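Below is one structure; the comments refer to it alone.
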Amino acid sequence: MSEKRAETNLIDYLNWRGDLTLAQDPFNEVDSLLLSVLSYINFSRLPELRSKSEADAVPIGSVCRQLTAQDEQQGLSIHDYIPVMQQAAATERFRELRMLGYESIHDEALEMQFAAVSFLIPDGSVYLSYMGTDRTLVGWKEDCNMSFMDAVPAQLRAAAYAGEMAAGCPARMLRLGGHSKGGNLAVWAACHLPEALQPRLLAAYNNDGPGFCTDLLSSQAYRAVEDRVLTIIPESSIIGVLLEHEDDYEVIASSNHAVMQHEALSWQVMGNRFVRLAKRSQMGKVSDGALRDWLNAMSPEERQSFIDALFQVLSQGGRLHKLEELWDGGVIGGVNLVREYAEADDETKSVLREQLRNLVAEVGEELLHTAGEGMASIRQRIWEHLPDWLKREQ
């Protein structure tokens, strides 16, 4: 049975400890999560934030006053983040923060989605906040590409961005962080800091970000910074343990269940840190193992073929660009997906059939075993709605 959890989160943290300045209580992991999720907000309408020079930084309160509903967060969270930013800007702790270095890149040709924004902190550091995956299909495609590419474009850009921000704030120490894919980018950028900049690195915060395809974690580049990397995952984390990931991570409590624990505002806070748990949940460990076995059964080339085929169908041949376009399609959208699959070439169909059957067999059976007899009826209902081609040869 899980430990009893305090039902307090980032919002409560701002209410209870927002009156403590950073001089009174130094920057901590909860502060990092706050700045990480703020990078999901779309600051594209504010050109004054694009400068990477410390001299041009804009007070956080000024930024808040310009934001409207059209600028709301671009991730998958059900929560709005602009009110969180406004609440933070009204506290003694964060009102002196200044912002700069915003950029956002979507390049379908490169299969790249990247965004980041930086915060000047009164303690003399600069926090580079890397955004996680947004609601674009290219963003999700790039995440999947991490399973077979040595480096995806967003990782390369994350490292270059760190160098540019270090040059624009030459006297400041560096903190890098992000949530989900943003956490992955923060660790990647930390490992690829030029040697001259590494003494300026205070910390790299990986908030439930996926791992890496290559042997990065055994490299000299990682060993040079690993004592400054903090990896945090909720007990039933799935995203944060994909691919090769750090073994040294902190397991924390969430008020949500299963995959919904990825939602940052569900993470439980006590004082100036997250509520620690002794170990991951059984469901989290089994889902990790099942997904890892499924991925490891494929060569990098097979992973690429599967991912390309999957997104060819999901994007309906490149006609759709955002997850909302899939969701809003309803029944018609489902029919279009079926039609796209039916019209695909034989190779695409074969790749999808084989790997999706493997996924259902590997992950479905493991999760069923862990969840127990009570999940049998749910699995049966799922099975009944699977298309015949996916059921064959099971």
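The values are calculated or read from the model by the stated rules, or taken from the named source; none is laboratory data. Computed from a predicted model, the values in this text were never measured in an experiment. No Cβ is skipped: glycine too gets one built from the backbone with ideal geometry, and neighbour counts run over all protein chains shown.
Give, as residue ranges, the helices (runs of 4 or more DSSP H) completely inside the range 1-78 that count at least 3 residues that are free of Cβ contacts under 8 Å to residues at least 24 places away in the same chain and either touching a Lys or Arg at 6+ places or on another chain (Cβ under 7 Å) or surrounded by 17 or more Cβ atoms within 10 Å (Cβ to Cβ) (or both).
Details: elements: 10-17, 29-38, 60-66.
By residue number, no helices (runs of 4 or more DSSP H) qualify.
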(request) Tell me, yes or no, whether the range 241-256 has at least one residue that is modelled with pLDDT under 75 and assigned to a strand (DSSP E or B). (result) yes
(request) Answer with yes or no whether residue 202 is surrounded by fewer than 24 Cβ atoms within 10 Å (Cβ to Cβ) and at pLDDT 95 or above. (result) yes
(message) Can you find, within the range 122-151, the residue that is nearest to residue 165 (Cα to Cα) among those that are surrounded by fewer than 21 Cβ atoms within 10 Å (Cβ to Cβ) and at pLDDT 90 or above?
(response) 125
(request) Take the range 141-159 and flag every residue that is in contact (Cβ under 8 Å) with a residue 60 or more places away in the chain and under 13 Å from the mean Cα position of the chain (by Cα). (result) 143, 144, 146
(request) Enumerate the pairs (first residue in the range 184-197 and in the same structural domain as residue 161 (by TED's automatic domain parsing) and free of Cβ contacts under 8 Å to residues at least 40 places away in the same chain; second residue anywhere and assigned to a loop (DSSP other than H, G, I, E, B) and among the small types (Gly, Ala, Ser)) with beta-carbon separation below 8 Å, excluding pairs fewer than 6 apart on the same chain, so at least 6 apart or on different chains. (result) 184/209; 184/211; 188/151; 191/219; 191/224
(request) State all residues of the range 321-341 that are within 23 Å of residue 148 (Cβ to Cβ) and modelled with pLDDT of 70 or more; if no residue qualifies, say none. (result) 321, 323
(request) Would you mind stating whether residue 151 is closer than 18 Å to residue 37 by Cα and of a type in the set (A, V, I, L, M, F, W, C)? (result) no
(message) Of the conditions (1) out of contact with any strand residue (DSSP E or B) (no Cβ under 6 Å at 6 or more places or on another chain); (2) over 23 Å from residue 311 (Cβ atoms), residue 129 satisfies every one except a single condition; which number is it?
(response) (1)
(request) Kindly provide the set of residues from the range 81-120 that are surrounded by fewer than 21 Cβ atoms within 10 Å (Cβ to Cβ) and within 18 Å of residue 167 (Cβ to Cβ), ordered by number. (result) 98, 103
(request) Among the residues of the range 257-276, write down those that are assigned to a loop (DSSP other than H, G, I, E, B) and within 10 Å of residue 235 (Cα to Cα). (result) 257
(request) Please state which of the following conditions residue 117 fails to meet, knowing it meets all the rest: (1) more than 18 Å from the chain's Cα centre (by Cα); (2) modelled with pLDDT of 95 or more. (result) (1)
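Which of the residues belonging to the range 170-183 are more than 16 Å from the chain's Cα centre (by Cα) and either not in a loop (DSSP other than H, G, I, E, B) or not assigned by TED's automatic domain parsing to the domain that holds residue 72 (or both)? Spell out the reasoning first.
Filtering the range 170-183 down to residues more than 16 Å from the chain's Cα centre (by Cα) leaves 170-175.
Result: 173, 174, 175.
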(request) Could you list, in sequence order, all residues of the range 160-209 that are of a type in the set (A, V, I, L, M) and closer than 22 Å to residue 74 by Cβ? (result) 160, 162, 165, 176, 185, 186, 187, 189
